[in-house]
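Trainee: Handing you this structure, nothing more for now.
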Amino acid sequence: MAQTFDPAAATAAYLAQLPPEAHARATAYTQGGHWLLLWGTLVALLVAYLIIRSGLLSRLRRKVEGRRNRPILASFLVGAVYLLADSLLSLPWAAYSQWWRQKQYGLTSQAFLGWLGEGAISLAISAVIGGLFFTALYALIRKAPRTWWLWSGGLTAAFIAASMLLGPLYIEPIFNKYTPAPAGPVRDEVVAMAGQVGVPSDKIFVYDGSRQSNAYTANVSGLFGSARVAMSDTMFKKGADIAEVRGVVGHEMGHYSRLHAPLIAAIIAALAVLAFFLVDRLFAPAARLLGADEVRGLADPAGLPVLSAILAVVALLGAPVTNSLIRITEADADRYSLVHFDEPDGLSKALVKTIEYRAATPGRLEEIIFYDHPAVGRRIQRAMEWKAAHPKTAGR
């Protein structure tokens, strides 16, 4: 009599591929990251307070406006300078949380100067884009002082869409080299997968993600014609086989085919309306609390640190909601991969390699609050349950 396949035992076997000390290290890294969310918010509040107390933005606004009323130019320059000042004051924290900590856990091999250089480029880009966003936002506040927050969702959606559309074409190539998957068994398999589900085969790329991170990862980015699936070269440096490629690329094709990126962008735009509504209601008391005596009100771009401080707190409190929304799409992409490409073991082997930066078996409440991906243990369990329910198509 054939032995019955046990999904729970199979899941435990996959998780046991890593020794206890590796799981303990992953748990320490993950739970330490939870605390970073709180400390990062406190740093943001401190930096906002320091910028406000310096009077830098108020002086800049007065100088730009001069005797002429030039609110558009003032909004752009104040927004850009605020982002630069915020990044410079936050640099020690960013260096610790984004580089040193990753280095300590073996998740990056990038030199500090390399990280710093890329950060400077990213800051320059953010200053321009952020300046434009704040220019439009403050124009809304001036034109519709009572309902500006309602229109902010459309503004946010427009900037997110523009970033998603232009990012793969003009921004991502600044930091990494993207090339079509090279000729060979992997490309042949990926092209066949793309044809099976109607994803354009010329949208599959490999990029040198190991420049920044040693994490085993792939992603989907872009919008409409710029959308693409990209596999980090770390996948292949860590020995990904065809089954793993099928499982992982199938997951990313799920994001592409199921339009998860525009769906999430639309939800974030809707949440932005709520966030800016809270800014509208909380700005005055927050300004008093932070000592923003020179700020002339919500429409004054010099009050941008107050606005940002409120958003930082709202983002922290709203993280369980945004994490849960993203986690739902990730689970949907897993299912898409299993339904269309039927690689439960390939997907599970790949997931085991992600445990180093995402603990595998958190409590359910911890997962809901902090995880933007389903816990690896649960994802493998679902893959093994799929395997048990589809014994013939699973190749057994």
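Trainee: Could you please let me know if residue 277 is touching a residue at least 40 places away in the same chain (Cβ under 8 Å), hydrophobic (A, V, I, L, M, F, W, C) and at positive phi? Explain how you work it out, then say what you get.
Mentor: On the way: touching a residue at least 40 places away in the same chain (Cβ under 8 Å): yes; hydrophobic (A, V, I, L, M, F, W, C): yes; at positive phi: no.
No.
Trainee: Oh, and also: Only one of these is in contact (Cβ under 8 Å) with a residue 40 or more places away in the chain and farther than 29 Å from residue 136 by Cβ: 292, 350. Name it.
Mentor: None of the other options fit; the residue is 350.
Trainee: Kindly provide the set of residues from the stretch 191-223 that are part of a helix (DSSP H, G or I), more than 19 Å from the chain's Cα centre (by Cα) and closer than 25 Å to residue 166 by Cβ, ordered by number.
Mentor: Matches in the stretch 191-223: 194, 201, 202, 203.
Trainee: Is it true that some residue in the stretch 121-144 is modelled with pLDDT of 90 or more, outside any helix (DSSP H, G or I) and among the polar types (S, T, N, Q)?
Mentor: No.
Trainee: I would also like to ask the following. Is one or more of the residues making up the stretch 350-361 more than 23 Å from the chain's Cα centre (by Cα), assigned to a helix (DSSP H, G or I), small (Gly, Ala, Ser) and closer than 19 Å to residue 249 by Cα? Quick ask: steps written out before the conclusion?
Mentor: Pass one, the stretch 350-361, residues more than 23 Å from the chain's Cα centre (by Cα): none.
No, the stretch 350-361 has no match at all.
Trainee: Go through the residues of the stretch 290-302 one by one and say whether even a single one is acidic (Asp, Glu), in the same structural domain as residue 60 (by TED's automatic domain parsing) and surrounded by fewer than 19 Cβ atoms within 10 Å (Cβ to Cβ).
Mentor: Within the stretch 290-302, one or more residues are acidic (Asp, Glu), in the same structural domain as residue 60 (by TED's automatic domain parsing) and surrounded by fewer than 19 Cβ atoms within 10 Å (Cβ to Cβ).
Trainee: Let me confirm something: among 49, 14, which residue is among the hydroxyl-bearing types (Ser, Thr, Tyr), out of contact with any Lys or Arg (no Cβ under 8 Å at 6 or more places or on another chain) and either closer than 30 Å to residue 294 by Cβ or surrounded by 12 or more Cβ atoms within 10 Å (Cβ to Cβ) (or both)?
Mentor: 49
Trainee: Of the conditions (1) touching a His at 6+ places or on another chain (Cβ under 6 Å); (2) buried (at least 22 other Cβ atoms within 10 Å of the Cβ), residue 235 fails just one. Which one is it?
Mentor: In the conditions (1) touching a His at 6+ places or on another chain (Cβ under 6 Å); (2) buried (at least 22 other Cβ atoms within 10 Å of the Cβ), residue 235 misses (1) alone.
Trainee: Looking only at the stretch 25-39, count how many residues are surrounded by fewer than 12 Cβ atoms within 10 Å (Cβ to Cβ) and out of contact with any helix residue (DSSP H, G or I) (no Cβ under 8 Å at 6 or more places or on another chain). Steps first, please.
Mentor: First, pick out the residues of the stretch 25-39 that are surrounded by fewer than 12 Cβ atoms within 10 Å (Cβ to Cβ): 35, 38.
Remaining after also requiring out of contact with any helix residue (DSSP H, G or I) (no Cβ under 8 Å at 6 or more places or on another chain): 35.
Number satisfying all stated conditions: 1.
Trainee: Checking the condition surrounded by fewer than 20 Cβ atoms within 10 Å (Cβ to Cβ), small (Gly, Ala, Ser) and in contact (Cβ under 8 Å) with a residue 60 or more places away in the chain, which residue from 192, 144, 161 passes?
Mentor: Working: 192 fails: in contact (Cβ under 8 Å) with a residue 60 or more places away in the chain; 144 fails: in contact (Cβ under 8 Å) with a residue 60 or more places away in the chain.
From the options 192, 144, 161, the qualifying one is 161.
Trainee: Within the stretch 43-92, track down each residue that is farther than 24 Å from residue 117 by Cβ, part of a helix (DSSP H, G or I) and free of Cβ contacts under 8 Å to residues at least 40 places away in the same chain.
Mentor: Scanning the stretch 43-92 gives 46, 50, 54, 56, 59, 62, 63, 64, 65, 73.
Trainee: A further question on this structure: Go through the stretch 253-266 residue by residue and tally those that are in a helix (DSSP H, G or I) and more than 16 Å from residue 163 (Cα to Cα).
Mentor: Residues meeting the conditions: 5.
Trainee: How many residues does the stretch 238-252 contain that are crowded, with 19+ Cβ neighbours inside 10 Å and either among the hydroxyl-bearing types (Ser, Thr, Tyr) or part of a loop (DSSP other than H, G, I, E, B) (or both)?
Mentor: Number satisfying all stated conditions: 1.
Trainee: Quick check on the stretch 146-168. Is at least one of its residues more than 25 Å from residue 77 (Cβ to Cβ), of a type in the set (Ser, Thr, Tyr) and part of a loop (DSSP other than H, G, I, E, B)?
Mentor: Yes - at least one qualifying residue is present in the stretch 146-168.
Trainee: Looking at 275, 270, which one is of a type in the set (A, V, I, L, M, F, W, C), surrounded by fewer than 18 Cβ atoms within 10 Å (Cβ to Cβ) and modelled with pLDDT of 90 or more? Let's see the steps before the verdict.
Mentor: Values: 275 fails: surrounded by fewer than 18 Cβ atoms within 10 Å (Cβ to Cβ).
Step by step, each of 275, 270 is checked, and only 270 is of a type in the set (A, V, I, L, M, F, W, C), surrounded by fewer than 18 Cβ atoms within 10 Å (Cβ to Cβ) and modelled with pLDDT of 90 or more.
The values are calculated or read from the model by the stated rules, or taken from the named source; none is laboratory data. On a predicted model such as this, the values are computed, not experimentally measured, just so you know. Reconstructed Cβ throughout: ideal geometry from the backbone, glycine too, with neighbour counts over all protein chains shown.
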